[in-house]
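Let me begin by presenting the structure, written as structure tokens, before commenting on it.
Nothing in this text is a laboratory measurement; each read-out follows from the coordinates by a stated rule. Remember, it's a predicted structure, so these values are computed and weren't measured experimentally. Here the Cβ is made from the backbone with ideal geometry for all residues, glycine too, and neighbour counts use every protein chain on show.
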Amino acid sequence: MAVLNEPENTPLTGTVFTPRQVRVLKIAVIVMGLLLVGGFAFVMAAIVYQASKGGQDNALSGATLGGVQAELPIGKDASVSALALDGDRLALHLNSAEGPEIAVIDLSTGKIVARIKLKPE
């Protein structure tokens, strides 16, 4: 520690730093530490917020498709064996006695975009 009658710009014993420089360094370390802790808390809060939303922004909500109810006419013996979602398009792989087919549905309108019959070569 510096003696009270020493000038402010003389270095502390054993260092090259003046008491003023040490004080400024302490303040800088405290401020940067608070910024790190605050930034970490903000990131954690953003993660918790995003995780708690649970995909509520999607166009799908419950049994309706973005506010549009849709029906896909398929045969009585047909079954859905797989489905894939890409953006607002849903592809269904259907198996029936007539053969397999793929139906592509636009989820924003609920309309069938394409029906593709699959036939073996």
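Remarks
- Under the Karplus curve 6.51 cos²θ - 1.76 cosθ + 1.60, θ = phi - 60°, whole-Hz ³J(HN,Hα) for segment 31-41, x wherever Gly or Pro sits: 5, 5, x, 5, 5, 5, 5, x, x, 5, 4
- Cβ-to-Cβ counts within 10 Å put D86, D106 in ascending order as D86, D106, the fewest first.
- Per-residue Cβ neighbour rank within 10 angstrom, fewest leading, E71, E121: E121, E71
- Under the Karplus curve 6.51 cos²θ - 1.76 cosθ + 1.60, θ = phi - 60°, whole-Hz ³J(HN,Hα) for segment 17-23, x wherever Gly or Pro sits: 9, 7, x, 5, 5, 5, 4
- Extension gain (nm, one decimal) between V80 and V24, 0.36 nm per residue minus Cα-Cα: 13.2 nm
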